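One structure is given here, and the rest of the page talks about it.
The values are calculated or read from the model by the stated rules, or taken from the named source; none is laboratory data. These numbers come from a predicted model, not from an experiment. Glycine also receives a Cβ, built like all others from the backbone with ideal geometry; neighbour counts cover every protein chain displayed.
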Amino acid sequence: MSGRSIPQNKIGDLTFAAFSCSNLNTNLLAAGDPLVEVQVEAERSLAFAQKMRFGYVIDLVNLQLGLIRNTAWVDCEIRLL
């Protein structure tokens, strides 16, 4: 999973990196990757966006995390039935 992470270095376009984190989360969800792995990546993305103080991407990733957590909860409840 860490191979897909956006490298956090001092060189490069930070705006592009922040949006790439959000897009990566969307792609992982669409590809059907395990929610636990997607959540870990989304939390990394959120930490990166917070470090860069990029409010719009923080909002996007928070929405993605909400979707991931709610979907995981529903999946858990269905398995208990």
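When only residues in segment 12-26 that are in contact with an Asp or Glu (Cβ under 9 Å, 6 or more places away or on another chain) and either of a type in the set (Phe, Trp, Tyr) or modelled with pLDDT of 95 or more (or both) count, which is surrounded by the most Cβ atoms within 10 Å (Cβ to Cβ)?
Pass one, segment 12-26, residues in contact with an Asp or Glu (Cβ under 9 Å, 6 or more places away or on another chain): 21, 24-25.
Checking the rest, the ones that are also either of a type in the set (Phe, Trp, Tyr) or modelled with pLDDT of 95 or more (or both) come to 24-25.
Details: Leu24: 18, Asn25: 26.
Within segment 12-26, the match that is surrounded by the most Cβ atoms within 10 Å (Cβ to Cβ) is Asn25.
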List the residue pairs whose Cβ atoms are under 6 Å apart, where the first residue sits in segment 45-66 and is touching a residue at least 12 places away in the same chain (Cβ under 8 Å) and of a type in the set (Gly, Ala, Ser), the second is part of a helix (DSSP H, G or I) and buried (at least 17 other Cβ atoms within 10 Å of the Cβ), and the two are 6 or more positions apart or on different chains. Ser45/Cys21; Ser45/Asn25; Ser45/Val61; Ala49/Ala18; Ala49/Val57; Ala49/Ile58; Ala49/Val61
Applying the selection to segment 30-41, what residues are more than 9 Å from the chain's Cα centre (by Cα) and closer than 15 Å to Gly66 by Cα? Leu35, Val36, Glu37
Within segment 42-81, restricting attention to residues that are under 16 Å from Gly32 (Cα atoms), surrounded by 13 or more Cβ atoms within 10 Å (Cβ to Cβ) and among the β-branched types (Val, Ile, Thr), which residue is modelled with the lowest pLDDT? Thr71
